[in-house]
Every structure is written in C-alpha cells, then in structure tokens.
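One structure is given here, and the rest of the page talks about it.
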Amino acid sequence: DPKRDNPYIDDYITEPFEGAVYVQDKIELPYLVINIGLRFDYVNANVEFRSRPLDPNSIVRVKSRSQFSPRLGISHPISDKTKLRFSYGYFFQNPDFERLFENNQYDLNVREPLFGQPSLDAERTISYEVGISHQFSDNVAWNLTAYYRDITGLIGTRYLFPFVDGRYTGYTLYVNEDYANNKGFEITVDVRPNKYFSGGLTYTYSVAKGSASSET
C-alpha cells in the first residue's frame, strides 16, 4: 500500500458519533417576549487510544463529552417605535474529527510527530448580546447591537520535549488549552425614501483576542 510507505499520510477507519437535541418555548407577555431554549450536545470518538502516545501499553477507551446549553432571549417593546432586546447562551462546538484521529497509527517515522487526541473536549462559548432598535419615521430606522463572547477550550498544540522521563522522541499533541474573547458593536441605519428605493449604512467595531492564532 503506497499510503503506508509515506509517513505524512494518515490511513485509518473510525466510526465516531455525535448528536444534539434542542427544545424551545416562546412566552408572550404584555410588553415582553421571552424565548427560552435548552440544547444538549453529545460526542463520542468511539475508539481506543494511547494515553501516552509513545507507550503501546497505555491503551484506554475514550470517554464521551456532553453539555447542556441554556439559551435565553428577551425582547421588550419600549414604545410602538422602540424595542430593546437581550440574548444569552452557551454553545458547544465539537472539534474537527481530524484533530481527534490524526496519526492514530502512532507513526514515529517523522522527525517530531504530531498526534491527534480522541479525548479532546469541545470548544465552549458563552455569548451575551444586547440591542436597541428605533424607528425615527416611516422611512428611517436605526439599530444598535453590542456583543461579548467568551471562548474556552480552543484546540491548541503542546510540544513534549525528548529525553524526559525516559522518552527519546519529542512530539506534539493536540490539547484544549487556548482561550479567546470577542467583543464589539454594530450600528445600522436603514432608509427607504419610497417604495422603489432603499438603502442602508452599517458601521461595525470589533476586537478579538486569543492566546493562539491557530491550532498549531
């Protein structure tokens, strides 16, 4: 098999599975509309792997990962022309399967191998958003939205040096260790002078910070 002669090509068959269930309810009260939701996410790489990549005797069974993610959205019409809204939610993002299974044959024929890790957890986000909309006239409307997102467990890599604890090969392992946050606001003005023409102007300001620019 020419694939097996090339140490840079992964060749494997796996059967991971994932699932999600989401329920939502809408509550309409005088001057208040509430959307409540709850999502359940589940993922299982469904494989055995080495807890220590260089030790063939460290085989363990991967554990499943799951999360209940609440969602809340509130809309409040302050007047017939002004509306205030707020949303809050947890989000669960499964890692790409490539990050779980890369080099799962534990090929050491490269100078410093990179190993996937089936036990990687999901990336988890907490998101907040608040907005206000106002209609100045029948032809002009304005909208302001501000948001903040906190992201933990981003996929990164950790290098383990050789000649430590009896190891003679350095290698890199995918891990959950990076962090990021994203915040900003957006202002939109929509104009519709008549039924034939319309236009708009949008200004967006955002700041994104993180502990790494990519997985590697």
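The values are calculated or read from the model by the stated rules, or taken from the named source; none is laboratory data. Computed from a predicted model, the values in this text were never measured in an experiment. No Cβ is skipped: glycine too gets one built from the backbone with ideal geometry, and neighbour counts run over all protein chains shown. Heavy atoms of the whole protein, side chains included, go into the accessibility calculation; ligands, DNA and RNA do not. Shrake-Rupley method; radii C 1.70, N 1.55, O 1.52, S 1.80 Å.
Summary table
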{"read-out": "Range in the chain, longest, excluding exposed trypsin sites (Lys or Arg not before Pro) [loop by DSSP; at most 12 other beta-carbon atoms within 10 Å]", "value": "112-194"}
{"read-out": "Chain lengthening between residue 204 and residue 52 when straightened (0.36 nm per residue, less Cα-Cα)", "value": "50.1 nm"}
{"read-out": "Global size of the range 136-190 as Cα Rg and Dmax, reported in angstrom", "value": "23.4, 76"}
{"read-out": "Hydrodynamic radius (Kirkwood) for the range 82-148, which is based on Cα pairs only, to one decimal in Å", "value": "16.2 Å"}
{"read-out": "DSSP-assigned coil residues among chymotrypsin sites (Phe, Trp or Tyr not before Pro) in the range 7-106, each with at most 13 further Cβ atoms within 10 Å", "value": "8, 12, 31"}
{"read-out": "The chain - Rg and Dmax from Cα coordinates, angstrom", "value": "24.4, 78"}
{"read-out": "Of all accessible heavy-atom area on the range 80-157, the percent that carbon and sulfur account for (1.4 Å)", "value": "51 percent"}
{"read-out": "Reach of residue 183 by Cα under 29 Å, taken over lysines that are not fewer than 8 positions away in the same chain", "value": "26, 81, 83, 209"}
{"read-out": "Within a Gaussian network of the chain (alpha carbon springs, distance under 10 Å), most fluctuating of 13, 151, 78", "value": "13"}
{"read-out": "Gyration tensor verdict on the range 87-190 (Cα atoms; rounded if a/c is under 1.5, prolate if a/b is larger than b/c, oblate otherwise)", "value": "prolate"}
{"read-out": "Per residue accessible area in Å² of the chain, where ligands, DNA and RNA are left out and the probe is 1.4 Å", "value": "65 Å²"}
{"read-out": "Stretchable slack from residue 84 to residue 112, in nm (0.36 nm times residue separation minus alpha-carbon distance)", "value": "4.6 nm"}
{"read-out": "Residue 177 long-range amide H proximity, modeled H, under 5 Å", "value": "154, 156"}
{"read-out": "Under-5 Å amide H pairs with residue 115, H placed in peptide plane, nonlocal only", "value": "172, 173, 174"}
{"read-out": "Rounded FRET efficiency, nearest 0.05, which uses the C-beta distance separating residue 24 from residue 76 and R0 of 25 Å", "value": "0.85"}
{"read-out": "Rg [Å, one decimal], Dmax [Å, integer] - the range 15-104, C-alpha atoms", "value": "20.9, 69"}
